[in-house]
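Undergrad: Handing you this structure, nothing more for now.
The values are calculated or read from the model by the stated rules, or taken from the named source; none is laboratory data. Owing to the predicted nature of the structure, the values given are computational and were not obtained by experimental measurement. A quick note on method: Cβ atoms are made from the backbone with ideal geometry, for glycine too, and the neighbour counts reach across all protein chains shown.
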Amino acid sequence: MGTGTVVAAVIIFFWIVACLNVMREYERAVVFRLGRLQKPDKGPGLIFILWPIDKMVRVSLRIVAWEIPPQDVISRDNVSLKVTAVLYYRVIGAQQAFVELESYRYAVEQLAQTTLRSVLGEVELDDLLSQREKLNLRLQTILDEHTAAWGVKVTKVEVKAVDLPEEMRRAIARQAEAERERRANIIHADGEYQAAEKLAMAAKTISREPVAITLRYLQTLTEIGTEKNTTVVFPLPVELLSMIFGKRGDALPSGPPTT
């Protein structure tokens, strides 16, 4: 075997090695042959390209979590806020993401910042604080509609933090305190109303059975006696006096007094 054959075999070997590429499960290869895009995407696994005629670009299909920097937002009720959020997206079309856009990451991130300011500027502060899940879903829907043509799928958007001015924090604290006081007053009034209803029902029951007040009187004396007090309060119900004097009045003569 001549020297030329050995050199040729070595060159062919290294050429084959350069043409073979291993793509991971989460990667796809976008191949250009003399500048023309080759369809479809290649991978995962072992792929073969005609080097140096073919040029290959690796594109990751894993989900990217990107924290949106703090954005200055003016809500619908003219409150200045700083809002931060987290964006989750992934590439579903490697060729679209690489060919349609110069940098799909930069495009998605800029679109996310703009959409965040636009959507949150249309709602009031109370809705922003209380309906965060609804706003997250709306942000995801809008971003996903725009990025679908780029081969990018927005999987989730989460509003991370809302920074309020100090004056607005104090105002919200006063509002929350007033709301709690209002609820406490309502609960107290409702308890008084229920107690009054029960007392009215008890009074009706006692009025139907006059002996019931005597039983309550005896029960009260029993409770006082068990407390071992040095001073005993001896309550005398008016109903008992009326019963006693009523009987004495029946025993007296009904005619006029004689002299």
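Undergrad: What are the pairs with Cβ atoms under 6 angstrom where one residue, in region 1-20, is under 30 Å from K42 (Cα atoms) and the other, located anywhere, is among the aliphatic types (A, V, I, L, M)? Sequence gap at least six, or different chains.
TA: Partner pairs satisfying both residue conditions: C19/I49.
Undergrad: From the list Q131, Q95, pick out the single residue that is surrounded by 17 or more Cβ atoms within 10 Å (Cβ to Cβ), within 26 Å of K153 (Cα to Cα) and among the polar types (S, T, N, Q).
TA: Q95
Undergrad: Sort out which residues of region 185-233 are polar (S, T, N, Q) and at pLDDT below 80, and write them in order of number.
TA: Hits for region 185-233 are T205, S207, T214, Q219, T220, T222, T226, N229, T230, T231.
Undergrad: Hey, any hits in region 62-84 for a residue that's aromatic (F, W, Y) and either more than 19 Å from D144 (Cα to Cα) or at pLDDT below 90 (or both)?
TA: Within region 62-84 (the criterion being aromatic (F, W, Y) and either more than 19 Å from D144 (Cα to Cα) or at pLDDT below 90 (or both)), the answer is no, since none of the residues qualifies.
Undergrad: Now a separate question. Being within 30 Å of S130 (Cβ to Cβ) and of a type in the set (D, E, K, R) is the filter here; which residues of region 176-212 pass it?
TA: E177, E179, R180, E181, R182, R183, D190
Undergrad: On the basis of being part of a helix (DSSP H, G or I), of a type outside the set (G, A, S), modelled with pLDDT under 80 and more than 26 Å from V79 (Cβ to Cβ), does I172 make the cut?
TA: The answer is no for I172.
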